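The values are calculated or read from the model by the stated rules, or taken from the named source; none is laboratory data. It should be emphasised that the depicted structure is a prediction, and the values quoted were computed from it without experimental measurement. Ideal geometry is used to build each Cβ from the backbone, glycine not excepted, and the neighbour counts take in all protein chains shown.
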Amino acid sequence: MTIANPTISQASTIDHSKPSPAANVQVTKWVQKMIDLCRPDQVVWCDGSKAERVRLTQQAIDAGVLIKLNEQKLPNCYLHRSNPNDVARSEHLTFICTPSEDMAGPTNNWMETKAGYAKLRPLFDGCMKGRTMYVVPFVMGPIGSPLAKVGVELTDSIYVVLNMRIMTRMGDVAWKQLGESDEFTRCLHSLGDVNPERRYICHFPYDNTIWSFGSGYGGNALLGKKCLALRIASVLGQQQGWMAEHMLLMGAQSPQGEKTYVAAAFPSSCGKTNFAMLIPPKKYTDQGWKITTVGDDIVWMWVDEKSGRLRAINPEAGYFGVVPGTSLHTNPNAMFAMNKDTIYTNVALTPDGDVWWEGKTDAAPPKAIDWQGQEWTPDSGRKASHPNSRFTAPMVNNPALDPAANDPDGVVVSAIIFGGRRSRTIPLVFQAFNWVHGVYLGATMGSETTAAAVGQQGVVRRDPMAMLPFIGYNIRDYLVHWFRMRKKMSDCPRIFNVNWFRKDDQGRYLWPGFGENMRVLKWIIDRCQGRAYAKETAIGWMPRAEDIDIEGLAVTRDQMKQLQSVNLEEVKAEIMSQEELFLKLAGDLPKEMIFQRELLVTRL
Ligand code: OXD
Ligand code: MN
């Protein structure tokens, strides 16, 4: 049967198929062009209403895309199993498409703009025949914020639509934010045939356009997130004088009521969500300490002209967090957040309609259906959930949501923390000498790779500012942008480095992590407020062993010294291993980077 290609007016016989009357003419023109390219059977304009959520959820259940979970235990929660070939971001298939290769720089895959469209157009040509195209308008950032950005995603994945309505401010609200403007990110997405041979995630920053084909995985397909809020936004930020960063944003309230906001860049799957939702040890809560979450993955920051200080918003409205290892013990707030209104991806299903993943409980369920839909028992020798299985939950479900999370004016950032996953060499915490040194620390950050991206795991890779896979332009210009931001600020955040993952010679973690990270955070906050002691060392300002509170911990002062120890031979090896990054940037390295390295060498 051949199905006619519906134009917007033809599609009006179907519910929700008419363009939203609130959408402006640039939007409707572009949507029509994409309909002509993809030729869907139906078009559905999403409005973001509750009725729409109910309707689309039922359709997803009927189509086998979602499995309804136990309503008593997990109200309004669903399970999705992805194609096993489509479980993480595919960085090798992610491209920055610009007129010249230099604009994308040495750390990105590059396609020439026209060549990029030429490669993808045939893939999109007719790809939605027999399918529905959803028009998903969304806003990244609190409504009315000076930095808020509108995007429109066209997708043939109902799973993407239902995730986007959790992760963004989705629906008619976006048309209001957009008004008559042409400034919206044109996001085109199709599952295609979910074939890694035909999978491309292409960014056209100078056309404010993203084309993603062949993957339904969050980081490849929820185009508001990594694609818009990091890769495209980083380009806009560089042009317009603000920053889009791969950071969590949290508030810490002291017993005296003083509030300090901290942003932290950790690479994927290194505990951003856990840190952003940290519950302090009992001693601290008894004293009156309170931690609140603004965001767990992305921040947009700008300099407030009046105060000269850095302010930040979280552009997202939900969490797309890694589940393995998450439990009531390690992250209770995340567990509460995903108790309702949540989509689980690639976790195990128990016979009572509940979900399970490695680390959720000490004892595994006696039987389950694993993430690939196979019968599973604890002795089956396989993991029940995928190591990169995820939950998508609205941020309003987080009991510790910061009151400013929806504030269009954002919050003042007092500290920026960088931190990778390092078994050796890097101490638990130290402070940069100043902004320029802090940028050097962030730029040379290394981390052992995890399951969040396809590829070998556990090898140290340089991940500047945890942004390596997300900088939408030349890393040289990105670093220069960081250095220049300093000049706009009259009082800049202090910069720190942390490593929760240092191990002893037996391979045991030296630091308990999780809520106990509050003890390190307290030193950081006290440094920002001018209260804590630090001694100068070759790598930065360091707390003495006695400056970190270890009362009530199994960690001894000796272990604390070990955690903070700096082995100069290891630091030298670290400098050598940074060469990989320096060589990539050969001839193009901002001079501040060279000077900082030289200063470090002379301090050794
Ligand atoms: C993420 C990632 O999904 O960084 O947040 O991979
Ligand atoms: Mn991330």
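Return the residue satisfying two criteria in turn: it lies in segment 268-304 and is hydroxyl-bearing (S, T, Y) and in contact (Cβ under 8 Å) with a residue 12 or more places away in the chain, and of such residues it is farthest from ligand 1 (Cβ to nearest atom).
So the residue we want is Y284.
In segment 228-242, the condition of being more than 16 Å from L468 (Cα to Cα), buried (at least 24 other Cβ atoms within 10 Å of the Cβ) and within 16 Å of ligand 2 (Cβ to nearest atom) is met by no residue. crowded, with 23+ Cβ neighbours inside 10 Å and more than 16 Å from ligand 1 (Cβ to nearest atom): does that describe I475? Yes: the conditions hold for I475. In the set (1) part of a helix (DSSP H, G or I); (2) farther than 12 Å from C97 by Cβ; (3) more than 14 Å from ligand 1 (Cβ to nearest atom), the condition left unmet by I232 is number (2). Here the helices (runs of 4 or more DSSP H) wholly within segment 527-601 that include at least 3 residues being surrounded by fewer than 18 Cβ atoms within 10 Å (Cβ to Cβ) and under 29 Å from the mean Cα position of the chain (by Cα) are 579-584. If you take the residues of segment 248-273 that are outside any strand (DSSP E or B) and under 21 Å from W511 (Cβ atoms), which of them is nearest to ligand 2 (Cβ to nearest atom)? Residue satisfying both the conditions and the ranking: S268. For segment 352-401, give me the residue count where each residue is away from ligand 1 (no atom under 16 Å from the Cβ), small (G, A, S), farther than 28 Å from W289 by Cβ and crowded, with 16+ Cβ neighbours inside 10 Å. Here the count works out to 4. Listed conditions (1) closer than 30 Å to K584 by Cα; (2) part of a loop (DSSP other than H, G, I, E, B) are all met by C97, apart from (2). With respect to (1) under 16 Å from L401 (Cβ atoms); (2) assigned to a loop (DSSP other than H, G, I, E, B), the lone exception for S307 is condition (1).
If the requirement is being hydrophobic (A, V, I, L, M, F, W, C) and at pLDDT below 95, which of these qualifies: A443, A393, A453, A405?
Numbers: A443 fails: at pLDDT below 95; A393 fails: at pLDDT below 95; A405 fails: at pLDDT below 95.
Selected residue: A453, the only one of A443, A393, A453, A405 that is hydrophobic (A, V, I, L, M, F, W, C) and at pLDDT below 95.
Would you be able to tell me the number of residues in segment 305-324 that are more than 18 Å from the chain's Cα centre (by Cα), in contact (Cβ under 8 Å) with a residue 24 or more places away in the chain and more than 22 Å from Q253 (Cα to Cα)? The number of residues fulfilling the criteria is 1. As an exercise: evaluate H329 against (1) at pLDDT below 95; (2) touching a Gly at 6+ places or on another chain (Cβ under 7 Å); (3) not small (G, A, S) and give the number of the one condition it does not meet. Single failed check for H329: (2).
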